[in-house]
Amino acid sequence: MKTTLEEIRTEIVNDNPLLKKGLIIAGPCSAESEDQLIKTAIELAQLGKTDVLRAGIWKPRTNPGGFEGVGTKGLSWLLNAKRITNLKTAVEVATSKHVEDALSFDVDVLWVGARTTVNPFSVQQISDALKGTDQTVLIKNPVNPDIKLWIGAIERLQKSGIKKIGLIHRGFSSYGNTEYRNTPMWQIPIEMKRLFPELPMICDPSHICGNTHGLLAVSQKSVNLDYDGLIIETHYAPEIALTDKGQQITPQELSDLLDKLIIKKSRSDEETFLKPLENLREQINDLDEELISLISNRMKIAKEIGTIKKKSNITVLQSSRYNEILERLNKKGEKLGLSEQFIRSYMEAIHIESIRTQNIIGQ
């Protein structure tokens, strides 16, 4: 029987009803006018699938001269939308003044943006401003793929006494053209889920994609990875939006997208599921142990090669040899159904460790 979004939304995460499983946060990229915000909020509320209304009040722009948000007056529009629709509200904060203003207008959820998470001084300022409150705070991953900055932001908020914390995965900046506005780099949020299993993880497909046609695929992948919710930019008329019109969808389009999601269970007590899974996991454990042993043996050989290089007074790095290995393994991997990206990532990690080991010998 198909699991529905409504069924999983009864599961409370982190002892916070606001951060329940299947949380949906939606609303415009920017609050542009009271009419725009309330129209969008009413449509979302009528469709009944949104838990929290989001809107950008202060908008950090890459270049000056663009629309940088309406500022504090937009908070009164958000409060009015909350009174009309009973939706909870969420805004991004980047300074202590933002925090003070947002709390004075009864905002339910604050989120720390990607450009702010990357700056420990700003995160500390926000943490200090939140001391003594019971606020729910979501932390977006930093712009650059630095997991330590993300962890540091969590720790700063926790030290200020904030207990209701969640994470938002919005992708990472990368050089060159890709199919994404911000590359997902799924391995980083997966590692964060391992390190902080108690913290809800929410996906932001709008900023990952930078378009509307990729939203469903990214949203579905986050569901498959057991994320706890979605934050999606939604505007009653995206074509007239002042910011990020290319990645916003209408409330009805959001509803249709959510209906298409195939919801996965986090776990199952069914014997027909658990027994075969247990057997397969045991096989994975055995193979993992074999892999570690094989890698250890490979590193021993790499050390021997390092000793020979030192005696012969030749450089540790031999690029032509590494390229030869990559080319050979890519061909082998293709025959075995392994992607070139996986082979490259795997061998890069092995190669870096081999170089590190040989450098120690060469000193």
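The numbers here are math on the coordinates, done by the rules we state, and not lab data. Note that the structure is predicted; figures quoted are calculated from it, not measured. Using ideal geometry, Cβ is built from the backbone for each residue, glycine included, and neighbour counts are taken over all protein chains shown.
One table, with the values for the structure above:
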item: Expected-Rg normalisation [2.2 N^0.38 Å, Cα atoms] applied to the stretch 5-260; result: 0.91
item: Dipole of the chain, positive end: most advanced residue of SER76, LEU44, ALA153 [Cβ charges, Cα centre]; result: ALA153
item: For the stretch 128-145, Karplus couplings with θ = phi - 60° (6.51, -1.76, 1.60), whole Hz, Gly/Pro x; result: 4, 5, 8, 4, x, 9, 10, 6, 8, 10, 10, 10, 6, 4, x, 4, 8, x
item: Estimated [θ] at 222 nm from DSSP helical runs (n ≥ 4, -39500 (n - 2.57)) normalised by residues in the chain, nearest 500; result: -16000 deg cm²/dmol
item: Size of charge dipole - the stretch 179-337 - debye, nearest 20, with Cβ of Lys, Arg +1 and Asp, Glu -1, no other charges; result: 1280
item: Volume per residue that the Cα convex hull of the stretch 24-89 spans, once the total is divided by residue count, Å³; result: 74
item: For peptides 293-306, 192-205, sequence by mean Cβ density within 10 Å, most packed first; result: 192-205, 293-306
item: Charge dipole magnitude, Cβ of K and R +1, D and E -1 - the chain, Cα centre, debye nearest 20; result: 1200
item: P(r), alpha carbons of the stretch 271-362 - 5 Å bins starting at zero, rounded %; result: 3, 12, 16, 18, 18, 12, 9, 6, 3, 2, 1, 1, 0
item: Most mobile of ILE308, ILE42, ILE188 in a GNM of the chain (Cα contacts under 10 Å); result: ILE308
item: Separation between Cα centres of the stretch 166-215 and the stretch 300-323, rounded to whole Å; result: 38
item: Ratio Rg/Rh [Cα only; Rh per Kirkwood] for the stretch 108-175; result: 0.96
item: Cβ-based charge dipole, the chain, positive-most Cα from PRO238, PHE121, SER96; result: PHE121
item: Highest-first arrangement of 74-87, 318-331, where packing means the average Cβ count within 10 Å; result: 74-87, 318-331
item: For q = 0.18, 0.19 Å⁻¹, Debye-computed log10 I/I(0) when each Cα of the stretch 164-300 counts as one equal scatterer; result: -1.09, -1.14
item: Most positive-pole-ward Cα, ASN141, VAL107, ILE168, against dipole of the stretch 5-260 from beta carbon charges; result: ASN141
item: Computed magnitude of the charge dipole of the stretch 271-362 (debye, nearest 20; Cβ of K, R +1, Cβ of D, E -1); result: 740
